[in-house]
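To keep things clear, I will list the structure first and then write my remarks on it.
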């Protein structure tokens, strides 16, 4: 990972033969830092050992004197071997190049100095890296003592660096729940595991053992603070809209197409059956609306309807969201536990959006719950039993995921006792204008505006568009033009440009496809007939007719004028 810097070698040396007289060695030690006697073995004599050499007889050869002194030989290493092998530092080390020529001498003192410099350099790299990332970084040694605690960790855990460095991490956190304790004992890395270290703090942890020579010498962990995500999820849960009428749930399912009618028919039959339901369709096709209709149309209607979206929650957090966590499981402090979505939905319905995005390990745990109606909290040891109904949604690719082994086969079979396919909006365009009227009514009430008229050009454009975002996209578009429009008519300028591209629609309608123009005219004819019927039922009373139609009296007057229906009297 890091490149070790150049080793500082001493190049002041001379090589001599073993038969060289000792007198010559004495002379060379006054000129060089080292004399290296190279024979079958290599011997190194340093100039600071001159006084010892000076006592020897000048007539002795180098090898004779060395054997007499029982001089220890020096190890010879290549530069690469210096970092891979173990050296005997009782004598200086000789370094050789690829041609086996000695190129330098390293003493124990210089090696220690070099290692100290490199250690400081690596520590600086590691400290800078730890401070650069936004996540909390913690490192411990083999005893579990903290050796790194970055600024993000101080911020996340509200523990100052000086209060934790050098102390065991278990002094501040529940020992059994600390990931670094687990990897020190097991040696297995941890990825994306959820923790709740403090009352208002939620993190996802990645942790790995530090291994040297096949031994665990410590561990390092990064903790990603997901508190904002958790809070946002809680806010979304708290503000989740009710998409249907509770007293008439299936009346909210708009659509005359055979496909949507078939889906609603199956859902109505399923509502009173206490079985799991899987709704399959594209994003925004109305799956949650149908799920709410099934819940409020069945015997659990007075019980909770709880939602969880598998694609909107990090996988590490999803387990705790579903199953909850045990009080005091993450720190030594006394904390209340948190019930998960399963407990919150007790005796009611748990709606799991995009279950095909649920990680495999959580699929296994959830399947086990469905089979046994019991589970354990995260960090808990007590079995929790509760009964719920499950309605899940998935994309049309779910069967492919099962075949590829990316979705648990048994969970798939458990969920598909009843499987309802919801067609995309582009396959049931005859429902578009009816949905537009439904959303117009919803948003004019919400924003306290009068009910506008949709111009024929807009109607044709809406009918001609493919709606990749399905019903949800249509609903958003209607909300947008209700907000943007200050008059009584919705024109092309009020809808997004991607819907009114030149190749589809021009202001004069000249380039509109015949099918779109035809459907726009059919809608206008149907609307005129509905107004006529309402006026007949109320004997021409426009106020009563407007109330019956769910529009304001002003909007009714505008529509009557548009359809040349002024003959009716109040």
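The values are calculated or read from the model by the stated rules, or taken from the named source; none is laboratory data. Because the structure is predicted, anything quoted here is derived from the model rather than measured. Please note: Cβ atoms are built from the backbone with ideal geometry, for glycine as well, and neighbour counts cover all protein chains shown.
For (1) under 60 Å from the mean Cα position of the chain (by Cα); (2) touching a residue at least 12 places away in the same chain (Cβ under 8 Å); (3) more than 25 Å from residue 100 (Cα to Cα), each residue gets a yes or a no:
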site: 14; (1), (2), (3): no, yes, no
site: 20; (1), (2), (3): no, yes, no
site: 26; (1), (2), (3): no, yes, yes
site: 41; (1), (2), (3): no, yes, no
site: 46; (1), (2), (3): no, yes, no
site: 55; (1), (2), (3): no, no, yes
site: 59; (1), (2), (3): no, yes, yes
site: 62; (1), (2), (3): no, yes, no
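Checking the stretch 281-291 against the condition returns a match, with at least one residue being in contact with a strand residue (DSSP E or B) (Cβ under 8 Å, 6 or more places away or on another chain), assigned to a loop (DSSP other than H, G, I, E, B) and at pLDDT 90 or above. The set of residues in the stretch 342-381 that are under 22 Å from residue 403 (Cβ atoms) and assigned to a helix (DSSP H, G or I) comprises 355, 356, 357, 360, 361, 362, 363, 364, 366, 367, 370.
Set side by side, the residues 249, 299 differ, and just one is more than 22 Å from residue 395 (Cα to Cα), touching a residue at least 12 places away in the same chain (Cβ under 8 Å) and surrounded by fewer than 18 Cβ atoms within 10 Å (Cβ to Cβ), which is 299. Annotation for the stretch 95-110: no member residue is out of contact with any strand residue (DSSP E or B) (no Cβ under 6 Å at 6 or more places or on another chain), assigned to a helix (DSSP H, G or I) and assigned by TED's automatic domain parsing to the domain that holds residue 184. The single condition from (1) out of contact with any helix residue (DSSP H, G or I) (no Cβ under 8 Å at 6 or more places or on another chain); (2) farther than 29 Å from residue 277 by Cβ; (3) not assigned by TED's automatic domain parsing to the domain that holds residue 340 that residue 454 fails is (1).
One line per residue, one yes/no per condition, for (1) modelled with pLDDT under 80; (2) within 18 Å of residue 255 (Cα to Cα):
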| position | (1), (2) |
| --- | --- |
| 478 | no, yes |
| 496 | no, no |
| 503 | yes, no |
| 513 | yes, no |
| 538 | yes, no |
| 542 | yes, no |
| 551 | yes, no |
| 554 | yes, no |
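How about the stretch 136-158: which of its residues are surrounded by fewer than 19 Cβ atoms within 10 Å (Cβ to Cβ) and over 19 Å from residue 184 (Cα atoms)? Within the stretch 136-158, 151, 154, 155, 158 qualify. Taking residues in the stretch 392-415 that are on the phi > 0 side of the Ramachandran plot, and partners anywhere that are not in a loop (DSSP other than H, G, I, E, B), the pairs with Cβ atoms closer than 9 Å and at least 6 places apart or on different chains are 405/360.
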